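Novice: Could you have a look at this structure, given as structure tokens, before my questions?
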């Protein structure tokens, strides 16, 4: 009998909590909002007052590039959040229309039944379409969802961010339902304040880590980095350079990206088309537009063989972090692996020259990046579905989502500091 009473009490508590969350979701947060469909529509002075000290990916010059030369299935949305007449947060959102084929790799490889099923799988995938509202940036990794004004308490502002997402989702009903909302990518430092999202039926899931290389203050050049490696890893780095030289390849900066736009795009597609999940694809105009808008905060390093580009990597200076942004290489060239590793090493020299303190290498290819000395920085997503019944399913799916575990490597003679876990 006592067990039954305790069980009934727990059920009642859950129902009471669910009702309280429902009321909070449908009650104004008390903040003011200015919503916009273009970065050109927001008040630039107020946006910059909040975002100018934040990540490059929250600044107007970057966001304008996404609008002019971004993926065709992505539409930007923005919100300025006010406390009274003072802007306290700037929020970046994206509405993405995704076909099922972007979540499955249908290359026709394999034999027998697997190959025979490809046409049917492609037809089903094309029929499955979902509009997703993302708070953050599908074309970057890291916390690029919102900037909070200096002195503001993020924990107090997350309910307002949730309301901004809700307002945009409701407005999107004119163009079609956006049932699924996603907030990405929060690091450990942002997770505590974002707990308020749980009251709005968002649930967290850990995603693949961002691989971060901390640059030692005494490194003044790439040679200094090499000198800090143990013999095994230093010899491996030199072998990459030797392999490229023997293949007739040379690494160096690439200027005038507009001239090479089509080739860069083909190299980029050679990498992105190999990914199992590819919700968005950049057009050929993106890299030249990004280079023009970023100025000295943009670098492009290329691998050439007989004057032909066989690989490239773009680098963005985001404050004191160098972001190894998009990469591309020709897998059929015979030097694809050496080109890839050579480009990763080239980023280290570029980051040191830029005066950066760390390199953000992203979440793919954890093994080779760990070999460079990069260590995992954990990241989480928060997700919810409009339908309460689907929300239960979403929670179960999120618990089942696997994420990569970076291998333990120590390539340095002495330990370097790890990013915040």
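The values are calculated or read from the model by the stated rules, or taken from the named source; none is laboratory data. This is a predicted model, so every value here is computed, not measured. Ideal geometry is used to build each Cβ from the backbone, glycine not excepted, and the neighbour counts take in all protein chains shown.
Novice: Checking residue 348 against (1) in a loop (DSSP other than H, G, I, E, B); (2) modelled with pLDDT of 95 or more: exactly one of these is not met. Which one?
Specialist: Here residue 348 clears every test but (1).
Novice: Oh, and also: If you take the residues in segment 254-283 that are touching a helix residue (DSSP H, G or I) at 6+ places or on another chain (Cβ under 6 Å) and closer than 10 Å to residue 328 by Cβ, which one is surrounded by the most Cβ atoms within 10 Å (Cβ to Cβ)?
Specialist: The extreme case among them is 264.
Novice: Here is a further query. Surrounded by fewer than 12 Cβ atoms within 10 Å (Cβ to Cβ), outside any helix (DSSP H, G or I) and out of contact with any strand residue (DSSP E or B) (no Cβ under 9 Å at 6 or more places or on another chain): does that describe residue 218?
Specialist: yes
Novice: Let me ask something else about it. Residue 367 fails exactly one of the following numbered conditions: (1) outside any helix (DSSP H, G or I); (2) under 23 Å from the mean Cα position of the chain (by Cα); (3) surrounded by fewer than 20 Cβ atoms within 10 Å (Cβ to Cβ). What is the number of that condition?
Specialist: Of (1) outside any helix (DSSP H, G or I); (2) under 23 Å from the mean Cα position of the chain (by Cα); (3) surrounded by fewer than 20 Cβ atoms within 10 Å (Cβ to Cβ), only one is false for residue 367: (1).
Novice: When segment 265-289 is examined, which residues are found to be touching a strand residue (DSSP E or B) at 6+ places or on another chain (Cβ under 6 Å) and modelled with pLDDT of 95 or more?
Specialist: Hits for segment 265-289 are 267, 268.
Novice: I would also like to ask the following. Would you be able to say whether some residue in segment 71-79 is part of a loop (DSSP other than H, G, I, E, B), at pLDDT 90 or above and surrounded by 14 or more Cβ atoms within 10 Å (Cβ to Cβ)?
Specialist: Residues of segment 71-79 part of a loop (DSSP other than H, G, I, E, B): 71-73.
If we keep only those that are at pLDDT 90 or above as well, we get 71-73.
With surrounded by 14 or more Cβ atoms within 10 Å (Cβ to Cβ) added as a condition, the list becomes 71, 73.
There is at least one residue in segment 71-79 that is part of a loop (DSSP other than H, G, I, E, B), at pLDDT 90 or above and surrounded by 14 or more Cβ atoms within 10 Å (Cβ to Cβ).
Novice: Restricting segment 13-36 to residues that are surrounded by 15 or more Cβ atoms within 10 Å (Cβ to Cβ) and modelled with pLDDT of 60 or more, which is farthest from residue 152 (Cα to Cα)?
Specialist: For segment 13-36, the residue satisfying everything is 36.
Novice: From 349, 328, 311, which residue is under 21 Å from residue 237 (Cβ atoms), in contact with a helix residue (DSSP H, G or I) (Cβ under 6 Å, 6 or more places away or on another chain) and crowded, with 21+ Cβ neighbours inside 10 Å?
Specialist: The match here is 311.
Novice: Going by the conditions given, is residue 145 surrounded by fewer than 17 Cβ atoms within 10 Å (Cβ to Cβ) and in contact with a helix residue (DSSP H, G or I) (Cβ under 8 Å, 6 or more places away or on another chain)?
Specialist: Working: surrounded by fewer than 17 Cβ atoms within 10 Å (Cβ to Cβ): no; in contact with a helix residue (DSSP H, G or I) (Cβ under 8 Å, 6 or more places away or on another chain): yes.
No; evaluated as a whole, the condition is false for this residue.
Novice: Could you tell me which of the residues 131, 198, 173 is more than 24 Å from residue 59 (Cα to Cα) and assigned to a strand (DSSP E or B)?
Specialist: Exactly one of 131, 198, 173 is more than 24 Å from residue 59 (Cα to Cα) and assigned to a strand (DSSP E or B), namely 131.
Novice: Which one of 131, 203 is surrounded by fewer than 22 Cβ atoms within 10 Å (Cβ to Cβ) and either under 30 Å from residue 286 (Cβ atoms) or out of contact with any strand residue (DSSP E or B) (no Cβ under 8 Å at 6 or more places or on another chain) (or both)?
Specialist: The conditions single out 131.
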